[in-house]
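As structure tokens, the structure follows; a few thoughts come after it.
The values are calculated or read from the model by the stated rules, or taken from the named source; none is laboratory data. Please read these numbers as outputs of a predicted model, since none were measured by experiment. All Cβ positions, even for glycine, are placed from backbone atoms using ideal geometry, and neighbour counts span all protein chains on display. Keep in mind that these areas ignore ligands, DNA and RNA; they rest on the heavy atoms of the full protein, side chains included. Shrake-Rupley method; radii C 1.70, N 1.55, O 1.52, S 1.80 Å.
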Amino acid sequence: MTEQKVAVVTGASGGIGAATARRLAAEGFDVVLTARRTERIERLAEEIGGRAHPLDVTDRAAVDAFGRVDVLVNNAGGAIGAEPVESGDPADWRAMYEVNVLGVLHVTQALLPALRASGDGTILVLSSTAALAAYEGGGGYVAAKHAAHTIAATLRLELCGEPIRVIEIAPGMVKSEGFAVTRFRGDEEKAASVYAGVAEPLTSEDIADTVAWAVTRPSHVNIDLLVVRPRAQAANHKVHREL
């Protein structure tokens, strides 16, 4: 009997992370859910038959080994603020760098030995189309996601020849739980305006489906970079709105 594969998902307490945990569990993975919000991941772990592992990815000392790991989904991240570079708060930039960049570094470093030992490991980085193109008001988030993109690209070079794939998925406009509300510091009206007139922005489930597809390809197939946008979005600055 084939041993069940283990997938670790960071930021699994809501949005894309929670949807990904559900989808990977449906694919037959033993899912380890990590996030700071303990009650949420414990509830979801019980729902999908997974395991909850409370964790703040920015706390290097707290990031330890999980035993067997076959797939790591680096999903934890987020944006804070939309001020121009001139007036951006360095504290916001630092916070975004900590979770989007150092969070990926901490967990990847901690789990690389287990991924290597699996003989068929996969590291997946959830970046953003912000990792590929700048836009006004996005300086801090764009910088952080460019760094996450660079981590994935560098890892792919450094691990070439080893039994580990490195995948990057870069979502565009996703109407996921809490993302825009957090970015606009709890201003739900401003958060809703991001999606105003867009008939069908992507959902967390759309991205989870993409993640599941990428990590379940045959071992010799590596999805280096997959950009996912809604049909209404041609670029970060070009969105069709039905007003």
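Data table
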{"read-out": "Of residues in the stretch 56-67 being in a helix (DSSP H, G or I) and aliphatic (A, V, I, L, M), the one surrounded by the most Cβ atoms within 10 Å (Cβ to Cβ)", "value": "A62"}
{"read-out": "Flag for V142 being free of Cβ contacts under 8 Å to residues at least 24 places away in the same chain, closer than 27 Å to R23 by Cβ, open to solvent by less than 60 Å² (accessible area, probe 1.4 Å) and part of a helix (DSSP H, G or I)", "value": "no"}
{"read-out": "Every residue from the stretch 168-198 that is open to solvent by 70 Å² or more (accessible area, probe 1.4 Å) and in contact (Cβ under 8 Å) with a residue 40 or more places away in the chain", "value": "E177, T182, R185"}
{"read-out": "Lone qualifier among L115, L124, L102, L111 - being hydrophobic (A, V, I, L, M, F, W, C), open to solvent by 20 Å² or more (accessible area, probe 1.4 Å), outside any loop (DSSP other than H, G, I, E, B) and out of contact with any Cys (no Cβ under 9 Å at 6 or more places or on another chain)", "value": "L102"}
{"read-out": "Residue selected from the stretch 9-55 under the condition crowded, with 24+ Cβ neighbours inside 10 Å and polar (S, T, N, Q), by the criterion nearest to V211 (Cα to Cα)", "value": "T20"}
{"read-out": "Residues satisfying the stated conditions in the stretch 127-139, i.e. more than 14 Å from I80 (Cα to Cα) and not in a loop (DSSP other than H, G, I, E, B)", "value": "T129, A131"}
{"read-out": "Qualifying residue in the stretch 200-209 (condition: on the phi < 0 side of the Ramachandran plot, modelled with pLDDT under 95, open to solvent by 40 Å² or more (accessible area, probe 1.4 Å) and of a type outside the set (S, T, N, Q))", "value": "yes"}
